[in-house]
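Computed from the coordinates by the stated procedures, all read-outs in this text should not be read as laboratory data. What you are looking at is a predicted structure, and each value in this text was computed from that prediction instead of being measured. All Cβ positions, glycine included, derive from the backbone under ideal geometry; neighbour counts span all protein chains shown.
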Amino acid sequence: MQPCLTALSAPRREDLSTRSAEPPVEPDANRSDDPSGGAGAAPGPARIRPVSGRRLTILIADDHPVYRQGLERAITERPDLDLVGSTADGRQALERIHELEPDVAVVDVRMPGLDGLKIVSAVQRDGLRTRVMLLTGYEDSGAAYKALAEGAAGYVSKASDHTELCDSIVAAGRGETVIAPQFAAGIATEIQLRETSERPALTARESEVLRLLAEGRTSARIGEELHLSEATVKTHLHNLYEKLGVSDRAAAVATAMRWGLLE
């Protein structure tokens, strides 16, 4: 059975690889599960074993009470997960993360008080060990890319069933970055677009000035060859430096070569 989530190892988010389920975790002898089950207890893929065999501590932050309560039930039914807190407010979620230091915080992208992306940024800024996995009801690859770039441990659809969500939480807790499959292709496209957009767009005249600059011409000589005043050449050089993000000729040529602007 093909898993419906894609897990990435944290150091290389751009290398998408499918995660296969591992053997089920042995139930905790001191824990009694509800035999009636629930949405998260339905038969499905084998559960993922958490790090060191211990239960992962989990905080939930979602302002939709019905969804939040369903996820709470699913997590408490898992012998490998320990629900330590739940909140409907973003600012309170960040306070609880500081206070409780859960292994994983499962946070809705859109939250009152403080949204999910800002919580991710704050956790990264404050150097907290909690990994933040974002939940969303919207298919926005741009938002998914931004969340992962900020340091989110995962970007998962709220349409996923409880077994998939809990498996994703465990994967996030052991250091993987988890992406719902519907976002994977979009994120790859976002990466390609952003890499392309980093290459500056030069005017035809700026390209001519850059070519002569690379050949070692002085501003005066460039002006003679292009029939421009030296002041105009210097204006073009200034614009080139700004576009290339450099401050001198040598750096301009090196950067232009790296981006293939002199080919």
Listed peptides 105-117, 133-145, 250-262 by packing density, highest first (mean Cβ within 10 Å)
105-117, 133-145, 250-262
If you find the alpha carbon centre of region 106-159 and of region 204-222, how far apart are they in angstrom?
46 Å
Can you tell me the order of 208-217, 78-87 when each peptide is scored by its average per-residue count of other Cβ atoms within 10 angstrom, highest first?
78-87, 208-217
If the cut-off is a Cα-Cα distance under 17 Å, which lysines reach LYS146, setting aside same-chain residues fewer than 8 apart in sequence?
LYS118
Long-range amide H partners of ARG131, meaning residues 5 or more apart or on another chain whose placed amide H is closer than 5 Å, are VAL104, ALA105
Lys and Arg at +1, Asp and Glu at -1: add these up for the other residues within a Cβ distance under 15 Å of GLN92 and post the number.
-3
Where a Cα-Cα gap under 17 Å defines reach, which lysines qualify for LYS243, not counting those fewer than 8 residues away within the same chain?
LYS234
Sorted by mean Cβ packing within 10 Å, highest first, what order do the peptides 151-161, 238-248 take?
151-161, 238-248
